[in-house]
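Below is one structure, written out as structure tokens; the observations come after it.
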Amino acid sequence: PEAIWRPAADANFGPRPPGVDVDAIVLHATAGSLTATLGWFANPNSRVSAHYVVAKNGYVYQMVEESERAHHAGASRYKGREDWNDFSIGIEIVNQNDGVDPYPPDQFEATVRLVAYLVDRYQIAPEFIVAHADISTVGKTDPRGFPIHELIMRVYDPEANLPEDVV
């Protein structure tokens, strides 16, 4: 996808385990601004990153190559699988994660396009597009208020007619 390259610090990602293929997407909320998020991922002391960050205006930033293991999921377990960093792509969506801050249409549409690209490239099944809250074993709540089911419907049925207020 069209993305602005803003690399994460080398300390904030590493190689995927040998023989492990990408087959999942984890959606996050930044709980901070775009500038703060990009700066935090570029800071080697943070030890965290994501593959992509989607801004409120729909701009997409890539921080880590998809072939690399970003440090986004933390302690994670879901559907009988652990350590979701190994096989997933992490997408941070700029949002306060308070359940009130909106996800504007440009941001939602950019996220749909990015996820559709990843689904097509890696043949990701719908059940492996998840919220951080779904997989976290330490109580993460993000992305609170993001319409994941509508996103999945749009990715797998692009002709679906959604109400204008889904976002």
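The values are calculated or read from the model by the stated rules, or taken from the named source; none is laboratory data. Keep in mind the model is a prediction, meaning the values are calculated, not measured. Cβ coordinates were reconstructed from backbone atoms using ideal geometry, including for glycine residues, and neighbour counts include every protein chain displayed. Ligands, DNA and RNA are stripped out before the accessible areas are found, and what is left, the full protein with its side chains, is counted by its heavy atoms. Shrake-Rupley method; radii C 1.70, N 1.55, O 1.52, S 1.80 Å.
How much of the accessible area of the chain, in percent, comes from carbon and sulfur atoms when a 1.4 Å probe is used?
Solvent-exposed carbon and sulfur of the chain make up 50 percent of the total.
Which of the peptides 82-94, 104-116, 133-145 is most tightly packed, and how do the rest follow, going by the mean number of other Cβ atoms within 10 Å of each residue?
The most tightly packed comes first, giving 82-94, 104-116, 133-145.
Of all DSSP beta bridges in the chain, what percent run antiparallel (nearest 5)?
Antiparallel: roughly 40 percent of the beta bridges in the chain.
If ligands, DNA and RNA are left out, what is the accessible area of Tyr117 with a 1.4 Å probe, given in Å² to the nearest 10?
Roughly 70 Å² of Tyr117 is accessible to a 1.4 Å probe.
I'm spelling it out carefully: the read-out is Kirkwood radius over Cα pairs in Å, the candidates are (1) 16.9; (2) 19.1; (3) 15.7, and one was derived from this structure. Which label?
Entry (3).
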